[in-house]
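To keep things clear, I will list the structure first and then write my remarks on it.
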Amino acid sequence: MKLPAKSSAADLLPLALTGVGGQIINLPHSGGGWVHLQFRRFAGCPICSLHLRSFARRADELRSAGIRTVVVFHSSQAALEPYQDESPFDLIADPTKRLYRRFGVEASLLSVLNPRTWLPGLRGLTAGRLRVPVGGGPFGLPGDFLFSANGELVAEKRGLHANDQWSVDDVLRHTKARSAA
């Protein structure tokens, strides 16, 4: 999927975001390297929790590849604060979905009705702390955007259901393909 006609890659960056810990996160970041901007659903989403644990397990590998991961949730800052200490990534609260609209990341009633979401949802519920969904509702869709060091959008994915997102291997593959080009 491509960006909506009303947006272009040039409209997306630069951004100065405030992380859950109060830090300013500049995109592109001054340290150079890749930025993987992930849009997840809500704080406590079992599918998102399972997905982000797979990224956290490989955080050193991502950093070694020069990839900075920034994760946006359509939840409040207060709802995300309990997760900040557990996350090796920058977390961004976007309860009004301003960034979701800017990047064309949608919501759908069908997001959790797709059978491909059921098993990961159950695994996410049993694998971690059980939390009540907070803010933004359960129908959000994921999105993934990869930016080069100079802020160029080099790859993107907007999920069609709640479990339709890039894996760590997908992110690494995109960076390697672009680096080789």
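The values are calculated or read from the model by the stated rules, or taken from the named source; none is laboratory data. On a predicted model such as this, the values are computed, not experimentally measured, just so you know. Using ideal geometry, Cβ is built from the backbone for each residue, glycine included, and neighbour counts are taken over all protein chains shown.
Filtering region 147-181 to residues that are modelled with pLDDT of 90 or more, surrounded by fewer than 20 Cβ atoms within 10 Å (Cβ to Cβ) and of a type in the set (S, T, Y) leaves S148, S167. The residues of region 75-91 that are within 17 Å of R53 (Cα to Cα), surrounded by 18 or more Cβ atoms within 10 Å (Cβ to Cβ) and touching a residue at least 60 places away in the same chain (Cβ under 8 Å), listed by number, are L80, Y83, D90, L91.
When the strands (runs of 3 or more DSSP E) confined to region 12-64 are screened for residues that are within 16 Å of the chain's Cα centre (by Cα), crowded, with 22+ Cβ neighbours inside 10 Å and modelled with pLDDT of 85 or more, those reaching at least 3 such residues are found at 34-39.
All of T96, T69 fail the test of being of a type in the set (V, I, T) and over 13 Å from the mean Cα position of the chain (by Cα), apart from T96.
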